[in-house]
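What follows is a set of notes on a single structure, which appears directly below.
Computed from the coordinates by the stated procedures, all read-outs in this text should not be read as laboratory data. All of these numbers come straight from a predicted model, not from anything done at the bench. Glycine also receives a Cβ, built like all others from the backbone with ideal geometry; neighbour counts cover every protein chain displayed.
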Amino acid sequence: MSGPVRSADIAELRAFCTAVDLGSLGSAARLLRVSQPALSKHLRTLEALAGAKLLERSTRGVTPTPAGRRLYAEARKLLAQAEVVESLMSG
């Protein structure tokens, strides 16, 4: 049984969810304070790890594919928990 070499990291999942939330790679990159090429690299890595296309890209923005919608629902839960952990660690 062979799986991915590594799991997705929080930054990749945050980039993905932010892009879905905003519907735009440029807007997501600005909000996350990263360059658009860096954000795109996170998303390509995430798609490679998932073994599926997660976002449909067009001139009007991005929308999640069916696989992207499934990942988004679970990633949102994980990111909410990560925020709780980050809050505990900082306070």
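Only Cα pairs under 8 Å and at least 6 apart count here; give the relative contact order of the chain as a rounded whole percent.
Computed value for the chain: 28 percent relative contact order.
Which value, in nm² and rounded to one decimal, describes the direction-averaged projected area of the C-alpha convex hull of segment 7-70?
For segment 7-70, averaging the hull's shadow over all directions gives 3.8 nm².
Taking K and R as +1 and D and E as -1, what net charge do the other residues with C-beta under 12 Å from the C-beta of residue 45 add up to?
0
Express in nm, to one decimal, how much length is gained between residue 82 and residue 6 on full extension, taking 0.36 nm for each residue of separation and deducting their alpha carbon distance.
That works out to 25.5 nm of additional length.
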